[in-house]
Amino acid sequence: MPVKSNTPEEEALADRRFRIRHSAAHLLADAVLEIFPEAKYAIGPPVETGFYYDFDISRPFTPDDLVELEAVMKLRVGEAHPFEMSSVTKDEARELFRDQPYKQEIIDELELSETITTCKHGNFLDLCRGRHVEATSDIPAFKLLNVAGAYWRGDESKPMLQRIYGTAWESKESMEAHLSQLEEAGKRDHRILGRDLDLFSHHDQVGSGLILWHPKGAMVRSIMENHWREQHINRGYQLVYSPHIGKSSLWETSGHLDFYRDSMYEAMDVEGQEYYAKPMNCPFHVHIYDSEKRSYRELPIRYTELGTVYRYERSGVLHGMLRVRGFTQDDAHIFCMPDQIEDEIVGVLDFAFDLLSAYGFQEYEVFLSTRPEKAVGELDQWDLATNSLKNALERRDVLYSMDEGGGAFYGPKLDIKVRDAIGRSWQCSTIQFDFNLPERFDLKYVGSDGQQHRPFMVHRALFGSLERFFGVLIEHYGGAFPMWLAPTQAILIPISDRHIEYANEVQRELSSDGLRVDVDIRNERMNQKIRLAQMQKIPYMLIVGDKEKELGGVAVRLRSGEDLGIIKISDLVARIKSEIGNRE
RNA sequence: GCCACCGUAGCUCAGUGGCAGAGCAGCUGUUUCGUAAACAGCAGGUCUCCGGUUCAAAUCCGGACGGUGGCUCCA
């Protein structure tokens, strides 16, 4: 279920790539200094599929500069300079990099006990802790890709540097494969498919980060929602609904106005009272819990809602459906007793993997985040919660990575990332403990001992948000939704006008079986109709002409291009229904 | 928000100071066709918006809004 750990061969390749990319970064800095001697160089690490290097330079780099820089780098590869590491003292390092303020800053932060190492190739020297290839000639393939601004140390109060991104590989073939994967990812871009398939749009006049769901996108969403709702009811969740706004006192009690205000929209005045658009659903669910005295016999209580929230996101971070300002979380809050926690977590894990696998996700990465420095709640509660997360993962044999100190201030959490059809990871599900809200709202239940107790509270979302998950799905499927999700499952293509009547007849029959079927009655040739259906990625094209009408069937073409020949209507219905049932 | 780039018809894009363009999509007609684009005609624009320079601005300058790639943050 989760991704497997690496074999020794994979580890060796990863190490080689690290060295190649790190070395390529040195070549880049070398080239930049050659062409722009006044440039200050900052840092240049290897990253997942390449490397980057940050520079402070009087004018931004242009695409033409990249071409020139690449040429210098190629020259260095040809010159076959060895990479030579040496150790220096802190004072020597300061002297070597006396004109380089960013290097000085790094040197200042190094402990005295640490060995400071430098790396030299040709005339270029960099502060560097190492792992390179032998010589500049050992970089078989690289390419500079783009330029972007990046804050020094990722801190927006610090100066903005110019970052050059590149990619580097152990062979030309691997690089070509990577570049064509980028191209493939480009073709799957949900923003483009969203328009081409008429799924959703944005409009200037509506506002950035706000989605308009068109009928086809809304059809897919409503199928997802129905399936989701059914699953939740089966698993003992209770559906709730809550409003989109709430009074300031609610957000004061919840603490959102203290801790989350930057992400909330300004208050609106209603008869002298301040109301806020909700950035989260939890305070409402908490009040439903608190609407009567709760007994231990009622627990666990699981409330769930497709709750639409509004969060202020800075304009630069908005991205299609993946990062928006108004979105619908598939939220749930579980209230339970300490001894129920572990089973609840196991239940959520099973649910998450089950739901995600319905969408064709088979590989996951799981991250467990523990207590940060600043946190609320008792230590023993944190331990109990963290251990129950660990135990649940172990009971289900799920491999996971630890993110020590990466939890929220109010509780530890589990995040699940899915791996999509072309190998990219997307954060979806999250399971978070909350020691803060039960305290702030003074939540209680009466235990078997007749005493008042504080319940544990767990937030969880499986899709994360419908907008984001839908965007991921579009890219995962490349727009070709499986039968159960396809907004149009089949399209009838009459060969000439005289076949329209029969096509309509077949459509009525298929529709009465609950299938989503259109008829292309445009005055166009069959080829044109097939072309449109192909581009719309409709699973089944049903061609009807004289032969089909006579035999009482349809000629079936799949979007893969496969021609199934003439099939009887009843057989077709059975076939489609079986695909829907299997979520193929 | 910050850095860079971009904004011309529904979409993709030409047009570097002198009459606003093409392909696809749309509409009308002709055609009635066997597995990825029939043919013809028509229509479609405040060149994102506001201001400035100029005899003259899609084009040059400033600002706003929107988008793209990153940074920070995150569902």
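Failed condition for A:A421, given (1) of a type in the set (A, V, I, L, M); (2) buried (at least 21 other Cβ atoms within 10 Å of the Cβ); (3) under 23 Å from the mean Cα position of the chain (by Cα), with all others met?
If we test A:A421 against (1) of a type in the set (A, V, I, L, M); (2) buried (at least 21 other Cβ atoms within 10 Å of the Cβ); (3) under 23 Å from the mean Cα position of the chain (by Cα), just (2) comes out false.
Write out, first by first residue and then by second, each pair whose Cβ atoms fall under 6 Å of each other, whose residues are 6+ apart or on separate chains, and whose first residue, in segment A:390-406, is modelled with pLDDT under 95 and exposed (fewer than 14 other Cβ atoms within 10 Å of the Cβ) while the second is hydrophobic (A, V, I, L, M, F, W, C) and not in a helix (DSSP H, G or I).
A:S401/A:F367; A:M402/A:L368
Residues to consider are A:H453, A:H459; find the one that is in contact (Cβ under 8 Å) with a residue 40 or more places away in the chain, closer than 30 Å to A:E292 by Cα and buried (at least 22 other Cβ atoms within 10 Å of the Cβ).
Of the residues listed, the single one that is in contact (Cβ under 8 Å) with a residue 40 or more places away in the chain, closer than 30 Å to A:E292 by Cα and buried (at least 22 other Cβ atoms within 10 Å of the Cβ) is A:H459.
From A:I576, A:I538, which residue is closer than 26 Å to A:G360 by Cα and assigned to a loop (DSSP other than H, G, I, E, B)?
The unique qualifying residue is A:I538.
Cβ-Cβ below 7 Å, separation at least six or inter-chain, first residue in segment A:32-60 and over 15 Å from A:F97 (Cβ atoms) and within 11 Å of RNA strand B (Cβ to nearest atom), second in a loop (DSSP other than H, G, I, E, B) and aromatic (F, W, Y): which pairs?
Listed pairs, sorted by first residue: A:I57/A:F36.
So A:L66 ticks every box in (1) part of a loop (DSSP other than H, G, I, E, B); (2) surrounded by 12 or more Cβ atoms within 10 Å (Cβ to Cβ) but one. Which box is left unticked?
(1)
For segment A:135-158, how many residues meet the condition of being acidic (D, E) and buried (at least 17 other Cβ atoms within 10 Å of the Cβ)?
Residues that pass the stated criteria total 1.
Between a first residue in segment A:183-210 that is aromatic (F, W, Y) and more than 9 Å from RNA strand B (Cβ to nearest atom) and a second residue that is in a loop (DSSP other than H, G, I, E, B) and at pLDDT 85 or above, which pairs have beta carbons less than 8 Å apart while being 6 or more apart in sequence or on different chains?
A:F200/A:I211; A:F200/A:H214; A:F200/A:M321
Tally the residues that are in contact with a helix residue (DSSP H, G or I) (Cβ under 7 Å, 6 or more places away or on another chain) and more than 13 Å from A:T136 (Cβ to Cβ), restricting the search to segment A:22-44.
So the count comes out to 8.
Among the listed residues A:Y265, A:Y237, which satisfies the condition of being more than 20 Å from A:G464 (Cβ to Cβ) and in contact with a strand residue (DSSP E or B) (Cβ under 6 Å, 6 or more places away or on another chain)?
A:Y265
Residues being more than 6 Å from RNA strand B (Cβ to nearest atom), more than 18 Å from A:D497 (Cα to Cα) and touching a Lys or Arg at 6+ places or on another chain (Cβ under 7 Å): count how many of those fall in segment A:531-556.
Looking only at that region, the number is 3.
I'd like the full set of residues that are charged (D, E, K, R) and more than 15 Å from A:L145 (Cα to Cα), limited to segment A:32-73.
A:E34, A:E38, A:K40, A:D56, A:R59
Going through segment A:557-573 one residue at a time, which ones are in a strand (DSSP E or B) and in contact with a Lys or Arg (Cβ under 9 Å, 6 or more places away or on another chain)?
Hits for segment A:557-573 are A:D563, A:L564, A:I566, A:I567.
State the number of residues belonging to segment A:159-176 that are more than 8 Å from RNA strand B (Cβ to nearest atom) and surrounded by 12 or more Cβ atoms within 10 Å (Cβ to Cβ).
Residues meeting the conditions: 11.
What number of residues in segment A:208-223 are within 15 Å of A:T308 (Cβ to Cβ) and of a type outside the set (K, R)?
Count: 7.
Mind telling me which of the residues A:R559, A:R498, A:R522 ends up being touching a residue at least 40 places away in the same chain (Cβ under 8 Å), on the phi < 0 side of the Ramachandran plot and within 10 Å of RNA strand B (Cβ to nearest atom)?
Every option except A:R559 fails the conditions.
The values are calculated or read from the model by the stated rules, or taken from the named source; none is laboratory data. Nothing here was measured: the structure is a model prediction, and the numbers come from that model. All Cβ positions, glycine included, derive from the backbone under ideal geometry; neighbour counts span all protein chains shown.
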